[in-house]
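A short write-up of the structure that comes next.
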Amino acid sequence: MRINVKFFATLREIVGEWNVELSLPEGTTVDEVLRGLTKQYGERFRNYVYDKKGVIHDYLIFLINGESIYAAKGFETILKEGDSLIILPPIGGG
């Protein structure tokens, strides 16, 4: 199956693109995609997404087709053909 991953702000700089298309086996989860992206983009990507204990930073926002992954099964959500995974940085305000 094929999915798109969209990156914003610092992650776009780390990856060097705003959008990548991935070819993945059926049944791939969001967590597995993040692990694969970490292998592909290296330490700078890992440090931005994961803390020192390997836990995903809770300030990042993950959406599948515009809906929070928490509306499904979080990082264990299984992706489907044509899905768009969006990783958003923290949003500041005041």
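Can you go through 70, 59 and tell me which one is under 16 Å from residue 8 (Cβ atoms), of a type in the set (Phe, Trp, Tyr) and modelled with pLDDT under 95?
Values: 70 fails: under 16 Å from residue 8 (Cβ atoms).
Within the list 70, 59, the selection yields 59.
Determine which single condition residue 43 fails, assuming it passes every other condition in (1) within 13 Å of the chain's Cα centre (by Cα); (2) surrounded by fewer than 13 Cβ atoms within 10 Å (Cβ to Cβ); (3) charged (D, E, K, R).
Exception for residue 43: condition (1).
Being of a type outside the set (Lys, Arg), modelled with pLDDT of 95 or more and either more than 12 Å from the chain's Cα centre (by Cα) or on the phi < 0 side of the Ramachandran plot (or both) is the requirement here; does residue 91 meet it?
Values: of a type outside the set (Lys, Arg): yes; modelled with pLDDT of 95 or more: no; either more than 12 Å from the chain's Cα centre (by Cα) or on the phi < 0 side of the Ramachandran plot (or both): yes.
No; evaluated as a whole, the condition is false for this residue.
Name the residue, out of 68, 84, that is of a type in the set (Gly, Ala, Ser), within 14 Å of the chain's Cα centre (by Cα) and loosely packed, with under 14 Cβ neighbours inside 10 Å.
Details: 84 fails: loosely packed, with under 14 Cβ neighbours inside 10 Å.
Being of a type in the set (Gly, Ala, Ser), within 14 Å of the chain's Cα centre (by Cα) and loosely packed, with under 14 Cβ neighbours inside 10 Å holds for just one of 68, 84, which is 68.
Can you name every residue in segment 2-21 that is among the aliphatic types (A, V, I, L, M) and either under 16 Å from residue 36 (Cβ atoms) or surrounded by 15 or more Cβ atoms within 10 Å (Cβ to Cβ) (or both)?
In the first step, residues of segment 2-21 are kept if they are among the aliphatic types (A, V, I, L, M); the result is 3, 5, 9, 11, 14-15, 20.
Across segment 2-21, the qualifying residues are 3, 5, 11, 14, 15, 20.
The values are calculated or read from the model by the stated rules, or taken from the named source; none is laboratory data. Please read these numbers as outputs of a predicted model, since none were measured by experiment. Methodologically, a virtual Cβ is constructed for each residue, glycine included, from the backbone with ideal geometry; neighbour enumeration extends over all protein chains shown.
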